[in-house]
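Here the structure is laid out as structure tokens; the discussion comes afterwards.
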Amino acid sequence: MKLLVNLCSYLGYGMLWGVSFLPLPVMYLMTDVLFVILFYGVHYRRKVVDMNLRNSFPEKSEEERKRIARKYYRHLCDTFAEFYKLWHITEDEIKRRCVMVNVDVPHRYFEQGRSVIAFSGHYGNWEMMYSYKLWEKNVELVPIYKPIHNKVFDRMTCKIRSRFGATPLAKADTLRVMLRNQQEGKITMTGFIGDQTPNKHSLNFWTRFLNQDTAVLEGTEKIARKLNQPVVFVNMRKVKRGHYHAEFYDLCSDPQSLEPGELTRMHIRMLERFIREEPAYWLWSHRRWKHKRVVVA
């Protein structure tokens, strides 16, 4: 069985490697077909998407939510092509397709000799952010990621994400490596995706997010407070198909001055703001609210 899994993994690796040489407009023809299959055919996670949209936007009509869902599935399929295209896309093309906006926000901290924590969410195409070093060459980009169980695809994903000089860091090693980097005086931007669902043993912090009680991970805030690194928010705004603006916003220059929980709330409020502006580009097929808050009387 293990041999068969490895064989299929390497075949998949080779197929995706070959497809990634195609021009992005050609890859989009493939994702158009994939959209029809996922949305109209197999109904990929349609119940999850419909439930999430209904609970998040009770003020919208059923037809409005259906339009958001259709647009979401088209976008989701496109992100697959855009991610694998990063394998062979040229530096000039990725800089045209992902423009960094307000880069002076983190840059002024770098000029002060301070490392920065970048908060973001599963919005737009967050994978495009791995091209950041093309805009800020003297800063190490350290995106935090959760390793994939399949070792072949884990290596492939890390190879794609490090293509433009980023240094992906496994979640389990985050604090240790960030402490070492700070002690060695390295100037870094450490990237966190802050809208994942905590596991059932980490349901310690709750807030309102998209009209619902929502459990939120506290790890990023705790690290920011411990190291007192300034925090910025990155919004990956979709301009048109295949084109994004990575917009930087200053969240906090001194995390230790905030009350516990406030930095996490600031991030969640900003993410919600952008989702409400253009809801189709968030990851609605994720079971974000699978845990329910238990209120003790």
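Brief remarks follow.
- Averaged per residue, segment 1-281 has 50 square angstrom of accessible surface, using a 1.4 angstrom probe with ligands and nucleic acids left out.
- Taking a ≥ b ≥ c as the square roots of the eigenvalues of the Cα gyration tensor, segment 128-176 is classed as oblate, since a/c reaches at least 1.5 and a/b does not exceed b/c.
- Inter-part distance, segment 107-157 to segment 1-55, computed on C-alpha centroids, equals 24 Å.
- The listed residues LEU53, LEU175, once ranked by accessible area (1.4 Å probe) with the largest placed first, stand as LEU175, LEU53.
- Counting only residues at least eight positions apart within a chain, or on another chain, the lysines with an alpha carbon under 27 Å from that of LYS290 are LYS47, LYS60, LYS66, LYS71, LYS146, LYS171, LYS200, LYS222.
- Most simply put, the chain has about 45% antiparallel DSSP beta bridges, counting only bridges with both residues inside it.
- Of TRP17, TRP282, TRP135, the order by accessible heavy-atom surface (1.4 Å probe, DNA, RNA and ligands excluded), from most exposed downward, is TRP17, TRP135, TRP282.
- Selected from VAL142, PRO23, MET129, residue furthest toward positive end of dipole (the chain; charges at beta carbon): PRO23
- Within the accessible area of segment 1-281, the carbon and sulfur atoms contribute 56%, probe 1.4 Å, all protein chains present.
- Cross-link pairs exceeding 18 Å between alpha carbons, from the set LYS95/LYS133; LYS137/LYS186; LYS95/LYS137; LYS85/LYS137: LYS85/LYS137.
- Cross-link reach list, aspartates and glutamates versus LYS159, counting only Cα pairs under 18 Å and skipping chain neighbours closer than eight places: GLU82, GLU91, GLU127, GLU140
- Cut-off 11 Å between beta-carbons: net charge of the residues surrounding ARG225, Lys and Arg +1, Asp and Glu -1: -3
The values are calculated or read from the model by the stated rules, or taken from the named source; none is laboratory data. Keep in mind the model is a prediction, meaning the values are calculated, not measured. Every residue, glycine among them, receives a Cβ derived from its backbone with ideal geometry; neighbour counts consider all protein chains shown. Calculation scope for accessible area: heavy atoms of the full protein, side chains included, ligands and nucleic acids excluded. Shrake-Rupley method; radii C 1.70, N 1.55, O 1.52, S 1.80 Å.
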